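Colleague: Please read through the structure below; I'll follow up with questions.
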Amino acid sequence: MRPLADSPGKQRILFFLVGVGFAFVCGFIQYKWMDIVPYAAFDQQPGWVKGLQEVVGWLPWIAFLGVLILRFVKGQRVRVVFYFLGTAAPLVLLIGWLFLGNSVANRVPHQKFGAEAWRNQEHVEHDHMPSPRLCMVDHLMSSGQLDGLSSHQVIELLGPPHDKNFPFGATSCDIHYYLGPERGFLGIDSEWLFITFGDDSTVDRYWLYRD
């Protein structure tokens with residue numbers, strides 16, 4: 001019976017997993033770099049620390065050269081192709097997510113507008129994912145429930161508006177509501193519902209804004 005270590009299938013799986021694991025660890029170290037090094041800002045790092053970060057990023061490919069050399073020494077037991085596929089897999093997934101992530105992440109569950117759930121400040125303040133307001137805002141806007149309401153009626157329906165300053169770069173509006181982290185890849189920014197009133201003090205316009 002062929003030993004487990006000599007099984008071609010097991011060798012392929014092993015080298016693939018080693019490639020994936022090593023690439024993931026190096027990528028995670030780069031992602032958490034500012035939490036690891038004792039510097040508050042990137043521009044405070046000396047050149048050798050920045051160089052070390054670059055080296056960490058290249059380590060999986062440097063190791064690939066080592067595996068390639070090992071192939072010439074150990075022969076076919078060293079599965080170079082499968083190590084390469086494992087090393088490249090996280091990068092391929094990341095690139096795929098960058099191109100397709102927004103279309104996937106934008107698919108938040110849609111639900112009908114509910115005033116009680118909308119006004120629940122605990123969900124808003126703690127950034128529940130997906131944000132209930134983001135799930136309901138499309139239905140709220142398309143249903144026309146805001147049309148013709150006075151400011152008093154809007155506040156009665158949606159609760160107190162956001163009492164802080166406008167998001168950076170935002171155009172002026174009369175009242176605005178925080179919806180939660182923006183839909184899309186990473187969700188770094190926030191989404192808001194902006195509302196303006198016309199001369200008759202009823203809703204004139206409403207729209208979504210991302211800061």
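The values are calculated or read from the model by the stated rules, or taken from the named source; none is laboratory data. The structure presented is a predicted model; accordingly, all values stated were derived computationally and were not measured. No Cβ is skipped: glycine too gets one built from the backbone with ideal geometry, and neighbour counts run over all protein chains shown.
Colleague: Can you give me the number of residues within region 142-157 that are farther than 15 Å from residue 199 by Cα, outside any loop (DSSP other than H, G, I, E, B) and in contact (Cβ under 8 Å) with a residue 12 or more places away in the chain?
Modeller: 4
Colleague: Residues 163, 174, 147: which one is at pLDDT 90 or above and of a type in the set (D, E, K, R)?
Modeller: None of the others qualify; the one that does is 147.
Colleague: Please state which one of 154, 124 is at pLDDT 90 or above, in the same structural domain as residue 202 (by TED's automatic domain parsing) and hydrophobic (A, V, I, L, M, F, W, C).
Modeller: Exactly one of 154, 124 is at pLDDT 90 or above, in the same structural domain as residue 202 (by TED's automatic domain parsing) and hydrophobic (A, V, I, L, M, F, W, C), namely 154.
Colleague: Now, a different point. For residues in region 183-206 being modelled with pLDDT under 90 and in contact with a Leu (Cβ under 8 Å, 6 or more places away or on another chain), which is farthest from residue 144 (Cα to Cα)?
Modeller: The extreme case among them is 185.
Colleague: Also, I was wondering about something else. What number of residues within region 83-121 satisfy the criterion of being small (Gly, Ala, Ser) and at pLDDT 80 or above?
Modeller: 6
Colleague: Related question: Sort through 29, 69 and tell me the only one that's surrounded by 14 or more Cβ atoms within 10 Å (Cβ to Cβ) and modelled with pLDDT of 80 or more.
Modeller: 29
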